[in-house]
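The structure appears right after this line, and notes come after that.
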Amino acid sequence: MYASLTIRNATSTKAIIDAINNAPIVEGMEGIEFSAEQLAGQYAAQAQIAAGDPVDEQALQAHLDVLKAEGAKFDVSAAIAHGLAFAKAAKEE
């Protein structure tokens, strides 16, 4: 599974929300396209992993609620699915 460097390297919530709201974004020489839901899900999973806490639907929902409250536009259910897949792939690395 590919990870967005824009999200991985973001230094503020505003930068994350800007990326999500400007999706789809294309990165890398391969031209990998990331949807708003992929970006939001990756952010939520990364935040949970970085905290050292288990990644589950409720935890992802809490991170996604913050993004929504700050103005990010994405489908929550799809973002949760992407977040769970991202966390699973990260765990297998």
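Carbon and sulfur atoms: what percent of the 1.4 Å accessible area of the chain do they account for?
That share works out to 51 percent.
If amide hydrogens are placed 1.01 Å from N in the peptide plane, which non-local residues have theirs closer than 5 Å to the one on Ile25?
Correct list: Phe34.
What accessible area per residue comes out for the chain, rounded to a whole number of Å², with a 1.4 Å probe? Before the final figure, lay out the partial values.
On the way: 5460 Å² over 93 residues.
I get 59 Å² per residue for this part.
Mind listing the phi-derived Karplus ³J(HN,Hα) values for segment 72-88, rounded to whole Hz, using 6.51, -1.76 and 1.60 with θ = phi - 60°, and x for any glycine or proline?
6, 10, 6, 7, 4, 4, 5, 5, 4, 4, 5, x, 5, 5, 4, 5, 5
Please report the base-10 log of the normalised intensity I(q)/I(0) for the chain, using a Debye sum with one equal scatterer per alpha carbon and no solvent, at each q in 0.11, 0.20, 0.22 (1/Å).
Rounded to two decimals, the profile gives -0.25, -0.88, -1.07.
In whole angstrom, how far apart do the alpha carbon centroids of segment 47-92 and segment 1-30 sit?
Cα centres, segment 47-92 to segment 1-30: 15 Å.
Taking only DSSP H segments of four or more residues, each worth -39500 (n - 2.57), what value at 222 nm results for the chain once the sum is divided by all its residues, to the nearest 500 deg cm²/dmol? Write out the running numbers ahead of the final one.
Numbers: 5 runs with 58 residues, N = 93.
Result for the chain: -19000 deg cm²/dmol, rounded to the nearest 500.
The values are calculated or read from the model by the stated rules, or taken from the named source; none is laboratory data. Keep in mind that what you see is a predicted model, and the values were worked out from it rather than measured. Areas reflect the complete protein model, heavy atoms only, side chains present, ligands, DNA and RNA absent. Shrake-Rupley method; radii C 1.70, N 1.55, O 1.52, S 1.80 Å.
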